[in-house]
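In what follows, a structure is listed as structure tokens, so that the remarks can point back to it.
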Amino acid sequence: MAQTITPCLWFNGQAEEATNFYLSVFPNSEVLNVTRYTEVGPGEPGSVVTISFRLNGQEYLALNGGPEFKFNEAVSFIIDCATQEEVDHYWEKLTADGGEPGPCGWLKDKFGVSWQVVPSILDEYLRDEDRERANRVMETMLKMSKLDIAELQRAYEGR
């Protein structure tokens with residue numbers, strides 16, 4: 001089934017730079033379409049209005065909308081990571097060059113977009129029917145910035 005909902009990311013003249021950055025971070029990514037302003041405006045003729053792109057199977061639209069709106073943590077993108085190597089990769093790339101680490105696997109990239117870099121196993125640990133185990137994992141996670149799978153596993157196992 002074709003994707004029917006596409007997140008639109010509003011940038012202030014940085015749509016092309018942001019798209020290129022995200023393409024460098026995520027595998028299996030590509031630009032799908034670029035729309036440019038014409039003489040009619042309102043932007044500079046030839047400059048980017050929108051860029052449709054795909055990051056590892058998910059489509060997005062980057063819009064050069066102007067300075068009116070800013071990103072905030074009310075909307076974030078979750079990156080499901082199978083390994084610590086993946087967690088480390090996304091964390092390091094997305095916090096580089098002005099990105100900001102946050103608590104519990106959250107971060108903001110250099111454009112202000114919020115991401116959650118989360119190991120796949122975390123959901124299983126937190127949903128465990130043994131609430132003592134789940135609580136240990138939650139307590140451990142709440143003390144972390146970048147999530148550490150080995151540390152979460154130790155908490156889960158009670159070590």
Taking R0 as 22 Å, what FRET efficiency do you get between Cys104 and Asn56 from their Cβ-Cβ distance, rounded to the nearest 0.05? 0.45
I want to make sure I understand the PRE zone here: with the label point 7 angstrom from the Cα of Glu92 toward its beta carbon, which residues in segment 132-159 have backbone N atoms less than 16 Å away? 146-149
In Å, the Kirkwood hydrodynamic radius from C-alpha pairs for segment 1-67 sits at 12.3 Å
If you average the sequence gap of Cα pairs under 8 Å that are 6 or more apart and divide by the length of segment 1-67, what percent do you get for the contact order? 42 percent
Under 15 Å from Lys110, Cα to Cα: aspartates and glutamates that are on another chain or at least 8 residues apart: Glu16, Glu17, Glu73, Glu92, Asp97, Glu100
Between Ser47 and Ser24, what is the spin-label point distance in nm, taking each point 7 Å from the Cα along the Cα→C-beta axis? 2.2 nm
At R0 = 22 Å, how high is the FRET efficiency between Glu157 and Ile78 if r is their beta carbon distance? Nearest 0.05 is fine. 0.35
Percent antiparallel among DSSP beta bridges confined to the chain, rounded to 5, stands at 65 percent
If you take the C-alpha gyration tensor of segment 71-159, multiply each eigenvalue by 5 and take the square root, what semi-axes do you get, largest first, in whole Å? 25, 13, 10
From Cα coordinates alone, what are the radius of gyration and Dmax values for the chain in angstrom? 18.5, 66
Charge tally in the Cβ shell below 11 Å around Leu32, where Lys, Arg are +1 and Asp, Glu are -1, Leu32 excluded: -1
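Coordinate-derived values only; no laboratory data. Nothing here was measured: the structure is a model prediction, and the numbers come from that model. All Cβ positions, glycine included, derive from the backbone under ideal geometry; neighbour counts span all protein chains shown.
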